[in-house]
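The values are calculated or read from the model by the stated rules, or taken from the named source; none is laboratory data. Everything numeric here is computed off the predicted structure, so don't read it as measured data. Positions of Cβ are backbone-derived with ideal geometry, glycine not excepted, and every protein chain shown enters the neighbour counts. Remember, those area values only see protein heavy atoms, side chains included, never the ligands or the DNA or RNA. Shrake-Rupley method; radii C 1.70, N 1.55, O 1.52, S 1.80 Å.
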Amino acid sequence: MSPVIDATGLSYEYPDGTNAIEDVDFTARTGERIGILGPNGAGKSTLLMLLGGLLEPSAGHVQYFDGTADADGVRDRLAVVLQEPDEYLFNPTIREDLEYGPAQLDIPAGEAERRVSTIAAELSLARYLDQPPFRLSGGEKRRAALAAGLTPHPEVVLVDEPFSDVDATHTEAVIERLEGVVASGGTTVVAISDTDLLPRVADRVYLLDDVGTVVENGPTREVLTDAETLATCGLRPPRITRVFQAAGDPEPPLTIEAGVERLMAVLESSWPPIAPDCEPK
Amino acid sequence: MTARRGISGSRADLATLPRALAHSRETAARDGFLQRVHPTVKLVGLLALVVMAAGSNDSIRLSALLALAVGLGLISKISLRPYAAKVAIATTFAVIVVAPHAVLTSGPRIGALPVTTTGVGYVGLFGLRVGTCVAIVALLPATTRFADLLDALRRLRLPAGLVAVVGLTHRYLHQMALDLDRTMLAQRSRSISRASYRTTWRSWGRLLGAFFLRAFERAEGVSRAAQARGGRIPNPYAERRTLGARDLGFAGLVLAVVMMVLVP
């Protein structure tokens with residue numbers, strides 16, 4: 001599959017000379033779900049902004065799609081949802097914020113309205129559409145920011161910490177929306193520090209250490225089961241993975257759902273049944 | 001008043017800004033006369049009334065315009081107390097500014113007082129004019145959602161950049177007020193001992209410094225977010241609203257007032 005983002009030797013230096021990102025190579029291909037994992041202050045947001053063409057790298061370069069345009073030339077195909085919703089939502093109402101992207105693409109009003117109501121329903125924002133952004137709670141603003149990034153129907157979506165402040169029910173809705181992007185042939189890149197949620201949104205992971213260097217790049221399972229490398233970055237495998245690793249499982253599950261499935265299989269295969277009435281949720 | 005009370009008083013004053021803006025939004029959503037008038041018609045109409053008031057030197061006409069503004073406010077179901085407070089504050093300030101004219105303007109004196117009838121007349125007329133203008137202008141935010149007001153400005157073909165700046169300023173005025181309020185609340189929640197005046201004002205200065213840096217950072221963040229989202233100022237999907245009887249009625253009323261004021 002062709003790369004949609006191809007970055008080589010990316011580095012970024014803060015004005016005081018501190019390195020935020022150090023010599024990062026990054027490739028995202030059509031249909032991929034990529035996670036950028038790292039501890040607080042690792043430079044995930046900085047890397048995401050470099051990949052989205054919002055910061056000028058001090059070294060290296062980023063290429064988009066066929067390489068003929070820079071980031072500003074592919075804004076209609078590339079969405080970057082920044083970490084701070086109060087900055088990302090800058091229109092007087094949520095409805096106008098959601099319409100901001102489609103309006104720039106000269107999408108007919110009817111179609112824009114359909115997109116807005118669809119995503120508002122999916123992310124439970126319908127009743128806030130005519131509210132000003134600052135009236136919303138943290139989780140609502142976070143969902144609204146994602147919705148605003150998705151209404152232009154971009155092919156590549158880069159999202160920074162989409163689950164911060166979002167409750168469990170709406171976390172599922174956010175995951176579904178991100179899955180929807182990939183299902184329609186798009187690519188998602190999610191910057192995240194929560195290893196429990198990471199396997200839900202990424203098949204491949206770039207692991208950053210606390211000085212902004214990629215220490216591992218590989219399939220999610222490989223990265224999240226490598227407790228030793230994760231520990232060097234101040235991170236740990238998902239909780240369910242740790243439970244199964246502690247029990248000596250060589251192929252521990254990465255998600256609660258997979259863990260429950262594995263346990264049920266064990267229970268069902270045992271004889272006599274240990275818990276015959278227990279059904280997986 | 002202690003220094004700490006002074007700070008918390010300022011915080012309370014500051015907290016009234018989002019509340020006041022929230023109140024405007026609430027009255028703008030009411031089912032009143034002006035709320036149903038097309039925002040563009042309303043903007044132009046009220047602007048015409050303000051021009052008439054600002055250009056008038058006739059206290060009777062000004063009083064009639066003031067009464068009209070109050071009447072429009074009443075049938076638009078706006079809350080009279082905050083409305084009257086706005087008008088009173090603006091009028092008082094204007095009167096204070098021009099008060100020296102009561103003494104300095106030549107003319108017959110009023111009894112033994114050092115003021116002249118001409119001067120008092122001027123100050124009174126100026127106060128009435130300012131009060132009337134504010135009474136008319138205050139109807140606009142009280143009966144119009146800000147998004148509709150921006151839409152009206154766009155329909156009037158104001159430069160898109162200017163409308164965007166107005167919109168962003170309004171949006172971030174709220175945000176900065178909330179940010180400052182939260183910062184001050186946080187400072188208050190972490191104040192353990194009773195501070196002296198000196199310490200309190202020093203920490204107040206530090207807080208303001210941090211706040212301005214935050215405001216600068218916020219501006220950079222917004223600029224980056226706008227770039228991430230295309231950065232072009234689009235034509236939003238304005239509600240296609242045709243003019244109705246209320247719009248024509250309001251336009252007719254404004255026209256009648258303009259004629260009345262212009263015709264000697």
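For this structure, a couple of remarks:
- Subset of the range A:180-194 [surrounded by fewer than 23 Cβ atoms within 10 Å (Cβ to Cβ) and in contact (Cβ under 8 Å) with a residue 60 or more places away in the chain]: A:V182, A:G185, A:G186, A:S193
- Against the conditions (1) open to solvent by less than 10 Å² (accessible area, probe 1.4 Å); (2) assigned to a loop (DSSP other than H, G, I, E, B), A:S164 satisfies every one except (1).
- Of all residues in the range A:58-80, those satisfying the criterion of being within 8 Å of chain B (Cβ to nearest Cβ) and open to solvent by 20 Å² or more (accessible area, probe 1.4 Å) are A:D72, A:R75, A:D76.
- From the list A:L48, A:L55, A:L10, the lone residue that is under 25 Å from A:R204 (Cβ atoms), crowded, with 22+ Cβ neighbours inside 10 Å, within 14 Å of chain B (Cβ to nearest Cβ) and not charged (D, E, K, R) is A:L48.
- Top-ranked residue in the range B:142-171 [being outside any helix (DSSP H, G or I) and without any contact (Cβ under 8 Å) to a residue 24 or more places away in the chain; ranked as surrounded by the fewest Cβ atoms within 10 Å (Cβ to Cβ)]: B:R157
- Condition met for B:L139 (at pLDDT 90 or above and more than 20 Å from B:S59 (Cβ to Cβ)): yes
- In this entry, B:R129 is excluded by the filter for residues that are within 30 Å of B:G231 (Cβ to Cβ) and out of contact with any strand residue (DSSP E or B) (no Cβ under 7 Å at 6 or more places or on another chain).
- Selection of the range A:96-147 for residues being among the small types (G, A, S) and under 20 Å from A:L78 (Cα atoms) yields A:G101, A:A103, A:A112, A:A144, A:A145, A:A147.
- All positions within the range A:215-240 that are in contact (Cβ under 8 Å) with a residue 40 or more places away in the chain, over 19 Å from the mean Cα position of the chain (by Cα) and part of a helix (DSSP H, G or I): A:R239, A:I240
- Subset tally (residues that are open to solvent by less than 50 Å² (accessible area, probe 1.4 Å) and in a helix (DSSP H, G or I)) for the range B:53-65: 4
- Helices (runs of 4 or more DSSP H) within the range A:81-161 that include 2 or more residues more than 11 Å from chain B (Cβ to nearest Cβ): A:109-122, A:138-150
- Listed by first and then second residue, the pairs linking a residue in the range B:117-140 that is outside any helix (DSSP H, G or I) to a residue that is open to solvent by 10 Å² or more (accessible area, probe 1.4 Å), with Cβ atoms under 8 Å apart and 6 or more places separating them unless they lie on different chains, are B:A138/B:Y83; B:A138/B:K86; B:A138/B:V87.
- Residue tally, condition open to solvent by 10 Å² or more (accessible area, probe 1.4 Å) and of a type in the set (A, V, I, L, M), over the range A:195-224: 4
- Some residue of the range A:208-229 being touching a Lys or Arg at 6+ places or on another chain (Cβ under 8 Å), farther than 25 Å from A:V159 by Cα and not hydroxyl-bearing (S, T, Y): yes
- In the range A:36-45, the qualifying residues are those that are open to solvent by 20 Å² or more (accessible area, probe 1.4 Å) and either small (G, A, S) or under 18 Å from A:G9 (Cα atoms) (or both), and the one that is nearest to the chain's Cα centre (by Cα) is A:S45.
- Positions within the range A:115-149 being under 24 Å from A:T195 (Cα atoms) and touching a helix residue (DSSP H, G or I) at 6+ places or on another chain (Cβ under 7 Å), in sequence order: A:L123, A:G139, A:E140, A:K141, A:R142, A:R143, A:A144, A:A145, A:L146, A:A147
- Those residues of the range A:46-70 which are among the small types (G, A, S) and more than 19 Å from the chain's Cα centre (by Cα), in sequence order: A:S58, A:A59, A:G60, A:G67, A:A69
- Within the range B:220-264, the set of residues being within 14 Å of chain A (Cβ to nearest Cβ), among the aliphatic types (A, V, I, L, M) and assigned to a loop (DSSP other than H, G, I, E, B) comprises B:I233, B:A238.
- You will find that of B:V103, B:V50, the residue that is within 20 Å of B:V123 (Cα to Cα), out of contact with any Cys (no Cβ under 8 Å at 6 or more places or on another chain) and in a helix (DSSP H, G or I) is B:V103 and no other.
- Residues that are surrounded by fewer than 20 Cβ atoms within 10 Å (Cβ to Cβ) and of a type outside the set (S, T, N, Q) within the range A:137-153 comprise A:G138, A:G139, A:H153, listed in sequence order.
- Qualifying residue in the range B:119-140 (condition: farther than 16 Å from B:H170 by Cβ and surrounded by fewer than 16 Cβ atoms within 10 Å (Cβ to Cβ)): yes
- Subset of the range A:101-119 [open to solvent by less than 20 Å² (accessible area, probe 1.4 Å) and either within 27 Å of A:I34 (Cβ to Cβ) or touching a Lys or Arg at 6+ places or on another chain (Cβ under 8 Å) (or both)]: A:G101, A:P102, A:V116, A:I119
One line per residue, one yes/no per condition, for (1) farther than 22 Å from B:F250 by Cα; (2) at pLDDT below 90:
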residue: B:G71; (1), (2): no, no
residue: B:L80; (1), (2): no, yes
residue: B:A85; (1), (2): yes, no
residue: B:A94; (1), (2): yes, no
residue: B:A102; (1), (2): yes, yes
residue: B:S106; (1), (2): yes, yes
residue: B:G124; (1), (2): yes, no
residue: B:L128; (1), (2): yes, no
